[in-house]
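Undergrad: Structure below; questions to follow.
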2 protein chains.
Amino acid sequence: MAAEIKDRIRTIPDHPKPGIQFRDIMTLLQDPIGLNLSVQQILASWTGERVDKVAGIEARGFILGGAIAVALEAGFVAVRKAGKLPHTTIGVDYDLEYGTDRVEIHTDAIHEGERILLVDDLIATGGTALAAIDLIEQSGGVIVGCGFVIDLPDLGGSEKIRKRGFTVSSLCAFEGE
Amino acid sequence: MAAEIKDRIRTIPDHPKPGIQFRDIMTLLQDPIGLNLSVQQILASWTGERVDKVAGIEARGFILGGAIAVALEAGFVAVRKAGKLPHTTIGVDYDLEYGTDRVEIHTDAIHEGERILLVDDLIATGGTALAAIDLIEQSGGVIVGCGFVIDLPDLGGSEKIRKRGFTVSSLCAFEGE
């Protein structure tokens, strides 16, 4: 199953800088079969779970997140970069290799006790995903789990999320990153 | 039908600057019924049309664009801001009130003769949408039409697109903007 996904992902060597193998999911998503398989396989990991809302991380997480929310008859919550949401927000800062970044959600996006599935294209070091988890929990949401297309396990993000007690599913992995 | 959509859109007065009524679709999309209705109603405008790919405009156009692509068993193409796509791109510059902006797609995202539905949350002056149309046509794509949640008809974008000969559908309109 993973090969059907992995074979449709393009690797761009030395992007955005030397030594980084960039995994480009656009070739997966622009293929009708690849897009459909990605959605079906992410959904398959959460069969039987009640999901009230899907939280997608800007910007690539919006593409699959919206589709998965519709399939689950759930709502969609945007986890956005700082300053992009027009109404009152809460935010969480997280460390990058150099400096910090910040993600935000609207304060009224998630209600107490709502069950939230977090979706993004890729899990690497996990900085953004863990910040998104904090935002969801601060809003009173209950994390059902985290679904990604790609895991880069050597960068440790999926392991960090599991150590926090959450279920992580990914459709394929690239090792040795 | 339009009221079911319109009543779920939040208006934020004087955002991002005095005199602008910002139409916030996040309240529509975070509501499971609102999200589902939005997708179903956009789809209803294109019944019977063959669509090979849905092009969504960054970033809000990704949320509904991905869902609509899955529903149509089409692929998804990202129309992104300059510098965001990792592989070879073509771009089109367009005028803003002050200065210019640029949107890009991957050169291999659309093949000659593919039928493309363009999706975004809102059509205002039409600068971004018209630039996206140019990108799709430069790539050899055939525009099936353009689907938006919100039209601000007084800003003239939907009229400009229709004058170019393309079909525009929107789920609701806010006049007097």
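The values are calculated or read from the model by the stated rules, or taken from the named source; none is laboratory data. Being a predicted model, the structure only gives us computed values, none of them experimental. All Cβ positions, glycine included, derive from the backbone under ideal geometry; neighbour counts span all protein chains shown. To get the accessible areas, we keep the full protein, side chains included, count just its heavy atoms, and leave off ligands, DNA and RNA. Shrake-Rupley method; radii C 1.70, N 1.55, O 1.52, S 1.80 Å.
Undergrad: Exactly one condition in (1) farther than 20 Å from B:Gly99 by Cβ; (2) hydrophobic (A, V, I, L, M, F, W, C); (3) touching a residue at least 40 places away in the same chain (Cβ under 8 Å) is false for B:Leu135; which is it?
TA: Tallying (1) farther than 20 Å from B:Gly99 by Cβ; (2) hydrophobic (A, V, I, L, M, F, W, C); (3) touching a residue at least 40 places away in the same chain (Cβ under 8 Å), B:Leu135 fails exactly one: (1).
Undergrad: I'd like the full set of residues that are crowded, with 20+ Cβ neighbours inside 10 Å, more than 13 Å from the chain's Cα centre (by Cα) and over 22 Å from B:Leu43 (Cβ atoms), limited to the range B:129-151.
TA: Result: B:Leu135, B:Ser139.
Undergrad: On to the next question. Which count do you get for residues in the range B:62-76 that are open to solvent by less than 10 Å² (accessible area, probe 1.4 Å) and either in a loop (DSSP other than H, G, I, E, B) or within 8 Å of chain A (Cβ to nearest Cβ) (or both)?
TA: Here the count works out to 10.
Undergrad: Right, something else. Within the range B:80-94, can one find any residue that is within 17 Å of B:Ile143 (Cα to Cα), free of Cβ contacts under 8 Å to residues at least 40 places away in the same chain and touching a Gly at 6+ places or on another chain (Cβ under 9 Å)?
TA: no
Undergrad: Limited to the range A:1-27, what total is found for residues that are more than 11 Å from A:Cys172 (Cα to Cα), in a helix (DSSP H, G or I) and open to solvent by 60 Å² or more (accessible area, probe 1.4 Å)?
TA: Residues that pass the stated criteria total 0.
Undergrad: Anything in the range B:1-27 that is among the aliphatic types (A, V, I, L, M) and out of contact with any strand residue (DSSP E or B) (no Cβ under 7 Å at 6 or more places or on another chain)? List them, or say none.
TA: Matches in the range B:1-27: B:Met1, B:Ala3, B:Ile20.
Undergrad: Okay, next question. If A:Thr47 meets every condition in (1) open to solvent by 30 Å² or more (accessible area, probe 1.4 Å); (2) β-branched (Val, Ile, Thr); (3) under 23 Å from A:Gly176 (Cβ atoms) apart from one, which number is that one?
TA: For A:Thr47, the exception is condition (3).
Undergrad: Still on this structure, please answer the following. If A:Ser38 meets every condition in (1) open to solvent by 10 Å² or more (accessible area, probe 1.4 Å); (2) in contact (Cβ under 8 Å) with a residue 40 or more places away in the chain; (3) polar (S, T, N, Q) apart from one, which number is that one?
TA: Here A:Ser38 meets the rest and fails (1).
Undergrad: Another one. Please note which strands (runs of 3 or more DSSP E) are completely contained in the range A:83-143 and include at least 1 residues that are aromatic (Phe, Trp, Tyr).
TA: A:89-95
Undergrad: Restricting to the range B:134-161, give me the number of residues that are farther than 17 Å from B:Glu114 by Cα and of a type in the set (Val, Ile, Thr).
TA: The number of residues fulfilling the criteria is 3.
Undergrad: Another question about this same structure. One residue is enough: does the range B:43-61 have a residue meeting the conditions at the interface with chain A (Cβ under 8 Å from one of its Cβ atoms), in a loop (DSSP other than H, G, I, E, B), charged (D, E, K, R) and touching a helix residue (DSSP H, G or I) at 6+ places or on another chain (Cβ under 6 Å)?
TA: Filtering the range B:43-61 down to residues at the interface with chain A (Cβ under 8 Å from one of its Cβ atoms) leaves B:52-53, B:56, B:58-60.
Now restrict to residues that are in a loop (DSSP other than H, G, I, E, B): B:52, B:58-59.
Now restrict to residues that are charged (D, E, K, R): B:52, B:58.
With touching a helix residue (DSSP H, G or I) at 6+ places or on another chain (Cβ under 6 Å) added as a condition, the list becomes none.
No, the conditions are met nowhere in the range B:43-61.
Undergrad: Of these, B:Gly56, B:Gly91, B:Gly66, B:Gly140, which one is in contact with a His (Cβ under 8 Å, 6 or more places away or on another chain) and small (Gly, Ala, Ser)?
TA: When all the criteria are applied, what remains is B:Gly140.
Undergrad: Inside the range B:160-177, can you point out the residues that are assigned to a helix (DSSP H, G or I) and either small (Gly, Ala, Ser) or exposed (fewer than 15 other Cβ atoms within 10 Å of the Cβ) (or both)? Break it down into steps so the answer makes sense when it comes.
TA: Start the filter on the range B:160-177 by keeping residues that are assigned to a helix (DSSP H, G or I), which leaves B:160-163.
Of everything in the range B:160-177, those that are assigned to a helix (DSSP H, G or I) and either small (Gly, Ala, Ser) or exposed (fewer than 15 other Cβ atoms within 10 Å of the Cβ) (or both) turn out to be B:Arg162, B:Lys163.
Undergrad: Looking at the range B:77-107, which of its residues are open to solvent by 50 Å² or more (accessible area, probe 1.4 Å), facing chain A (nearest Cβ under 9 Å) and either more than 19 Å from the chain's Cα centre (by Cα) or hydrophobic (A, V, I, L, M, F, W, C) (or both)?
TA: B:His87, the sole residue that qualifies.
Undergrad: Looking only at the range B:82-90, decide whether some residue is among the polar types (S, T, N, Q) and in contact with a Pro (Cβ under 9 Å, 6 or more places away or on another chain).
TA: Pass one, the range B:82-90, residues among the polar types (S, T, N, Q): B:88-89.
Now drop any that are not in contact with a Pro (Cβ under 9 Å, 6 or more places away or on another chain), which leaves none.
Looking for residues that are among the polar types (S, T, N, Q) and in contact with a Pro (Cβ under 9 Å, 6 or more places away or on another chain), one finds none in the range B:82-90, hence no.
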